[in-house]
Amino acid sequence: MKKKLILSAFALVGFILVLQSKVIFAANGVTDTKTTVEKTVDPINVISNASHVANGIALRNKTSGWIPLRGVPDGSTVVKAFLYWNFSDTNATGLGSVVVFNGNRVNGIKRADSADPCWGLTGNHTYRANVTPFIPANNPNQDYEVVINFNGIISTTGQNPWAPTESQTKRLEGATLIVVYSNASTSGKQVRIYDALNGSEFSGSATFTLTHPALSGSGLFTMCGADGQRGSGHDTHANTSNEKMTFNGTQVAGTSVAGGDWDGSTGLPLPQLWDVHTHVVTFSGTSSIVVYTAKDPNAANLDCLVPVVFVLEK
């Protein structure tokens, strides 16, 4: 049962008592011990003379879906394609995961273990697979089916994640496809993928320093993250997950600027809980600093969130 950290008067007293240890009590009694996160992350892949597109599918309470990939220009060559997926379960450390991508069985390489984002489970796990051979060279812009291996511990009900209460002990979040391509216009550009994000679950604020050589000027930043939401259930107009994002000190998303990166929009109206967003950003220097903060750091209704992968293009 998820999830917003709405504190009763009693819980608020508890919050004050444990403030120094940064433990926040959720409405369902679950604790979030990592309200703030600061990480410096190096790229796991650097691909030259290339550009990228990304899209995803929310998978809570189902085990399959179609990712609508769009945006690869005609005449481009697909250089790399990576599939990411994420779920929570009762294990602190992920024990492996397999998916079927467009009819092809692929084994996942674990990229991160984090805390469960306040669903009463234990751990959250991110996996990646190289699916380049399964992207048609002459028609990459199409819908790709993702099927997660499942059994009785995974929900296939399709229900609202917030009601009725789920009993399953493995809860899928979503999957995202990142395709890197090249053509005449991508000469000189580089795509950097950052997915070494162990221990990145947060609720209050998070700062990610993404390292790279000296860069300047306009480029792209793509994020994929698990468990974002607006309200709960069909209450998608509730402005309760409009976290602000700044990139190198400039606000790019969130309150008063644009939709937040953690509004669950890949799965709107239901089940929410998955986000893929690409922004035009400005680079300056030998790293890029991405900062996420709640709409009100003093508010009780903070959300529990897990970054899955970041991409920079310049």
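Ala92 - would you say it is at pLDDT 95 or above and surrounded by fewer than 21 Cβ atoms within 10 Å (Cβ to Cβ)? Yes. The sole residue among Val280, Val311, Val291 that is crowded, with 21+ Cβ neighbours inside 10 Å and either modelled with pLDDT of 95 or more or touching a strand residue (DSSP E or B) at 6+ places or on another chain (Cβ under 9 Å) (or both) is Val311. Cβ separations smaller than 6 Å between residues 6+ apart or across chains give the following pairs from segment 183-200 residues that are under 24 Å from Asn138 (Cα atoms) to residues that are exposed (fewer than 13 other Cβ atoms within 10 Å of the Cβ) and among the polar types (S, T, N, Q): Gln190/Ser48.
Scanning segment 118-166 for residues that are open to solvent by 60 Å² or more (accessible area, probe 1.4 Å) and among the polar types (S, T, N, Q) yields Thr122, Asn130, Asn138, Asn139, Asn149, Asn151, Thr156, Thr157, Thr165.
The values are calculated or read from the model by the stated rules, or taken from the named source; none is laboratory data. Just so we're clear, the structure is a prediction, and the values are computed from it rather than from any experiment. All Cβ positions, glycine included, derive from the backbone under ideal geometry; neighbour counts span all protein chains shown. SASA here: full protein model, heavy atoms, side chains in, ligands and nucleic acids out. Shrake-Rupley method; radii C 1.70, N 1.55, O 1.52, S 1.80 Å.
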